[in-house]
Amino acid sequence: MDIWGNLFSQKSSIPLLDYSALTVDMHSHLIPGLDDGSASAEESLEMLKGLASMGFRKIITTPHVMVDYYKNTPEHILAGLKVIRQAAGQQDIRLEIEAAAEYMLDDGFEKKFHDGQLMTFGKKNILIELSTFTPHPNLFSILFDLQIAGYKTILAHVERYAYWYDKIDHYEELKDREILLQVNILSFGGHYGPVIKKMAEKLADRGLIDVLGTDMHNPLSIPAYQKTLKEKYIQRLLSSGKLLNPSL
Ligand SMILES: [Fe+2]
């Protein structure tokens, strides 16, 4: 092995101690009272501090938007953003904080789309989640309509849709259609159970993951992110240089 080979192998054997390679987290629930995430301004602050200490520089927080449960409008979300930005500023938390939303592809989604009420981040990126239990009947047609309208869809926690587990081709087809696939960091730590962990690893093995997200809901989960850094899949992904987080 020549000197460059030696240097490379030494570099790759040093474990990463935080998530700073990602720079940006684009999936979290940090605004108090809007969804099943933060319950108070104190919890929001704890989570923001946790994310800063994990090495993130920029956060795009994404409250749930669902037709039945979380009827959050851009006005609600932007008012909440102001609250957490002010709180973070007072505590000298060095994070750039933005907000968008995590849209459930439910019966209310198309109306919001046609009314121009969708919140995006970066270059018209939109975070969309699907039902955990039932495949969406018109998924490809809605994704196509969004694409034509100039949106770049990021599908949230794709390792959690059990109805796709025996259809790895489905993930490949989504990527062929330029849909970005996001996986939750804690899935690699077994936080959601062994089946989801295995699926996350399978997606990583096939090179299908575009973006990692914390999907942080409460401060109690903060130690789990540190623990998950020990997972070889996370180490490999963070040092791959292939994830799109820093450019979001
Ligand atoms: Fe989420």
(Q) Give the residue list of GluC sites (Glu not before Pro) in the range 107-191 that are DSSP loop and have at most 13 other beta-carbon atoms within 10 angstrom. (A) Glu178
Q.
Helix-only estimate, please: 222 nm mean residue ellipticity of the chain, summing -39500 (n - 2.57) across DSSP H runs of length 4 or more and dividing by its residues, to the nearest 500.
A. -11000 deg cm²/dmol
Q. Within the set Lys58/Lys230; Lys152/Lys202; Lys202/Lys242; Lys167/Lys197; Lys198/Lys232; Lys175/Lys232, which residue pairs have Cα atoms separated by over 18 Å?
A. Lys58/Lys230; Lys152/Lys202; Lys175/Lys232
(Q) Give me a comma-separated list of calculated 3J(HN,Hα) values for the range 227-244, in order, Karplus coefficients 6.51, -1.76, 1.60 applied at θ = phi - 60°, integers in Hz, x for any Gly or Pro. (A) 5, 5, 4, 6, 6, 5, 5, 5, 4, 5, 5, 5, 9, 6, x, 9, 6, 8
**Q.** Anchor Lys111: aspartates and glutamates whose Cα lies under 16 Å away (excluding residues fewer than 8 positions away in-chain)
**A.** Asp68, Glu102, Asp145
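What range in the chain is the longest one free of trypsin sites (Lys or Arg not before Pro) that are in a loop by DSSP and have at most 14 other Cβ atoms within 10 angstrom? Walk me through the numbers on the way to the answer.
Numbers: sites that count: Lys71, Arg94, Lys123, Lys124, Lys167, Arg177, Arg206, Lys230, Lys242.
Longest stretch, sites excluded: 1-70.
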Q: Determine the percent antiparallel among the DSSP beta bridges restricted to the range 19-247, to the nearest 5.
A: 5 percent
Q: Note down the nm distance, to one decimal, between modelled labels 7 Å out along Cα→Cβ at Val67 and at Ala41.
A: 3.6 nm
Q) How large is ³J(HN,Hα), in whole Hz, for each residue of the range 14-26 in order, when computed from phi with the Karplus curve 6.51 cos²θ - 1.76 cosθ + 1.60 and θ = phi - 60°, using x for Gly and Pro? A) 7, x, 6, 9, 8, 9, 5, 4, 7, 6, 10, 10, 10
Q: Return the whole-Å distance between the Cα centroid of the range 159-186 and the Cα centroid of the range 201-218.
A: 10 Å
Q | Considering only the range 1-146, percent of DSSP beta bridges that pair antiparallel, nearest 5 | A | 10 percent
Q. How far apart, in nm, are two points set 7 Å out from the Cα along the Cα-to-Cβ line at Ala21 and at Lys198?
A. 2.6 nm
(Q) Taking 0.36 nm per residue of sequence separation and subtracting the Cα-Cα distance, how much length would be gained by fully extending the chain between Glu178 and Lys230, in nm to one decimal? (A) 15.6 nm
Q: Would you give the gap between the C-alpha center of the range 80-123 and the C-alpha center of the range 14-70, rounded to a whole Å?
A: 11 Å
Q. Taking the Cβ-Cβ separation of Ser221 and Lys242 as r and a Förster radius of 35 Å, what is the calculated FRET efficiency to the nearest 0.05?
A. 0.85
(Q) Along the Cα→Cβ direction, 7 angstrom out, place labels at Lys82 and Phe144. What is the inter-label distance in nm? (A) 4.2 nm
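The numbers here are math on the coordinates, done by the rules we state, and not lab data. Note that the structure is a prediction, hence the values are computed from the model and not measured. Every residue, glycine as well, gets a Cβ built from its backbone with ideal geometry; the counts of neighbours run over all protein chains shown.
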